[in-house]
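The values are calculated or read from the model by the stated rules, or taken from the named source; none is laboratory data. Note that this is a predicted model, so its numbers are computed, not measured. Ideal geometry is used to build each Cβ from the backbone, glycine not excepted, and the neighbour counts take in all protein chains shown. Heavy atoms of the whole protein, side chains included, go into the accessibility calculation; ligands, DNA and RNA do not. Shrake-Rupley method; radii C 1.70, N 1.55, O 1.52, S 1.80 Å.
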Amino acid sequence: MVFIYIPEVLPKKTNNIVQLFASYTFGIYLMHFYIIRAVIWPLMGNWRLYDYPIIESLIISFLTLGICVSFMKIVTIIYRPLGKWMFGLTVKN
């Protein structure tokens, strides 16, 4: 499946969100496994939704995405060169 990204068609706010995730994609890829193992699984240990695996997967996905993006944003705000080195940021935020 191929997605075509045309910035002129999207509203400015949507374009900014797409640019944010585009710049953080590699960092999310690098850290998502550690976030799931160290944070999400212990956090959801007692709140498992065994009867609803699709809902549980969505919750885990969105929690992981939110934690990864928040962590990268905080590191980038505190010290931008470290964010570029750790996450490979190429697009200005």
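Report the extension gain between PHE33 and ILE74 in nm, rounded to one decimal, defined as 0.36 nm multiplied by the number of residues separating them, less their alpha carbon distance.
12.9 nm
Quick one: order TYR34, TYR24, TYR50 from most to least accessible surface, probe 1.4 Å.
Ranked list, largest accessible area first: TYR50, TYR34, TYR24.
What is the ratio of the Cα radius of gyration of the stretch 43-88 to 2.2 N^0.38 Å, where N is its residue count, to two decimals? Mind showing how you got there, number by number?
Numbers: Rg = 14.9 Å, N = 46, 2.2 N^0.38 = 9.4 Å.
Cα Rg divided by the expected 2.2 N^0.38 Å: 1.58.
Once both labels are modelled 7 Å past Cα along the beta-carbon direction, what's the GLN19-LEU82 spacing in nm?
In this crude label model, GLN19 to LEU82 measures out at 2.5 nm.
Quick one: how many Å² of TRP41 are accessible to a 1.4 Å probe, rounded to 10?
130
Quote to one decimal, in nm, the extra length available between ASP51 and LYS12 on full extension: 0.36 nm per residue of separation minus the C-alpha distance between them. Numbers along the way, then the final one.
On the way: separation 39, 0.36 × 39 = 14.04 nm, distance 4.01 nm.
Extra length available between ASP51 and LYS12 comes to 10.0 nm.
Take the alpha carbon atoms of the stretch 26-65, find their radius of gyration, then divide it by 2.2 N^0.38 Å using N residues; give the quotient.
Details: Rg = 10.5 Å, N = 40, 2.2 N^0.38 = 8.9 Å.
Expressed relative to 2.2 N^0.38 Å, the Cα Rg reads 1.18.
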